[in-house]
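Notes to accompany the following structure.
Each reported figure results from applying straightforward, stated rules to the coordinates on display, with no laboratory input. Source: prediction; values computed, not measured.
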Amino acid sequence: MDLAHWVSSILAFVRAGYPTGMPATGYVPLAALSHRRATNDEINTIASELITQRLREISAADVGVAITRITNEMPSQDDIARVQRRLDGIGCARR
């Protein structure tokens, strides 16, 4: 394998994992490899869904399941905390 092919393969790998919504030029390799963070719109959607479906107090597990359902990815602790802060701001009870 020559050097040009090897470099092209590495670039294709990095670009395949590059987050959507990022500029197409000026690639930052760390951004391509970083974990996805839920958007503010997704956080609002998750909080709204949890409030409308609520039959009891909302737990961190409930928040994590809702995040997974919306983003199709495992929730990070930061995203769970963001949803919980949103719920607290609305005045919603949680466990």
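Quick notes on this one:
- Additional length obtainable on full extension of the chain from residue 45 to residue 15, 0.36 nm per residue less Cα span: 7.9 nm
- Residue separation of residue 37 and residue 52 scaled by 0.36 nm, minus their Cα-Cα distance, works out to 3.0 nm of gained length.
- Whole-number percent relative contact order across the stretch 40-90, with pairs defined as alpha carbons under 8 Å at least 6 apart: 44 percent
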